[in-house]
1. Take the residues in region 28-54 that are closer than 22 Å to residue 218 by Cα and in contact (Cβ under 8 Å) with a residue 12 or more places away in the chain, then tell me which one is surrounded by the fewest Cβ atoms within 10 Å (Cβ to Cβ).
2. Look through region 122-172, keep the residues that are of a type in the set (S, T, N, Q) and modelled with pLDDT of 85 or more, and return whichever of them is surrounded by the most Cβ atoms within 10 Å (Cβ to Cβ).
3. Does residue 61 satisfy the criteria of being of a type outside the set (Ser, Thr, Tyr), touching a residue at least 40 places away in the same chain (Cβ under 8 Å) and under 14 Å from residue 7 (Cβ atoms)?
4. Among the residues of region 202-240, which ones are outside any helix (DSSP H, G or I), over 22 Å from residue 47 (Cα atoms) and basic (Lys, Arg)?
5. Give 204, 184 a once-over and let me know the one that is among the aliphatic types (A, V, I, L, M), modelled with pLDDT under 95 and surrounded by 12 or more Cβ atoms within 10 Å (Cβ to Cβ).
6. Just for region 190-201: of the residues that are in a loop (DSSP other than H, G, I, E, B) and modelled with pLDDT of 95 or more, which one is nearest to residue 6 (Cα to Cα)?
Amino acid sequence: MKVVILCGGRGIRLNEETAFKPKPMVMVGNRPIVWHIMKLYSHYGFHDFVLCLGYRGGMIRDYFADLTNGEPHWNVQCVDTGENAETGTRIMRVAPLLGDDEKFMLTYGDGVANVDIKKLVDFHDTHNKALTITAIRPPNPFGVLEIDGHLITSFAEKQQSKDWTNGGFMVCNRSVLGLLSDDAACIFEQGPIQELSHRGELVAYKHDNFWHCVDTLKHLEGLNALHAHGERPWMVWEQM
C-alpha cells in the first residue's frame, strides 16, 4: 500500500524556519521531520512513499536522492504537485502513481505520533468506510477556566482538549479520488471530507496517546526538547 505524504505547503506560521526550507525538512534531532514520519510507517512494514512536493520541493527531492538519507528498502517517489496547490489537488495529481491498490494511506508532513499503523489499517478494513481519520485531542494551548457567575471555581493550565480533531494518519479507499479535482483550489479537508461525512463514509480511529504537530517555532522547540532529553514516544522503532 502506498503512503502519500503532503509536503507542499508554505508553513508560514513557522517562518523562522520555512523562509529557507519546506516545513517537512525542519530538523527534529538530526533528521527532518518527514523522515521521522516515514520511519513510523516503515516500522510497520509500509515502505512505498509518494511525497507531494510544492514550496521549495527541490530540497526534499535532493535529500531523498541519496538513499543513505533514508533506508535502502524505501521506495520514495517525489512529485511536484504545484507551488500553490491545495491538499485535494495534490492528492489528485499523484493518483496515477497509486496503481490498482484498493486503498492508500495519507498524512501530513509536519506531525509525528506513536499511532499503531497496523491497528489503524485493521480498523479501516473492519469498518468498511471510504475514509478513516486518526482523531486526536491536542493540549489546549491556554489555561482553562471553570466559571460560576463571575467566580472562577477551577483553573487548569494547558489541559488536554475535550474535542477530537484531525491528526492526519488517514486510510483512504480509491473511491475518495472521485471527490477530488485537478483544480488548484481543491481543499481535501473541506468539500471532499465534508461530503464523505454527509454520506456516512467517514470514521475516526481514536488515538488518545502521543501526537505532536510542528506548526510554529514553539511546537518545533518543544519536540526537539523531548528528543534532546530522550523522551521520544513517536520513535517506536527505537523501542524494540
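1. 29
2. If we filter region 122-172 for residues that are of a type in the set (S, T, N, Q), which is where we start, we get 126, 128, 132, 134, 140, 153-154, 159-161, 165-166.
So of that shortlist, the ones also modelled with pLDDT of 85 or more come out as 126, 128, 132, 134, 165-166.
On the way: 126: 10, 128: 9, 132: 25, 134: 23, 165: 11, 166: 14.
Across region 122-172, the extreme among qualifying residues is 132.
3. Here the answer is no, as residue 61 does not meet what is asked.
4. Selection gives 206 alone.
5. 184
6. 201
The values are calculated or read from the model by the stated rules, or taken from the named source; none is laboratory data. Keep in mind that this is a model prediction, so the values were computed, not measured. Cβ: placed from backbone, ideal geometry, glycine included. Neighbour counts: every protein chain shown.
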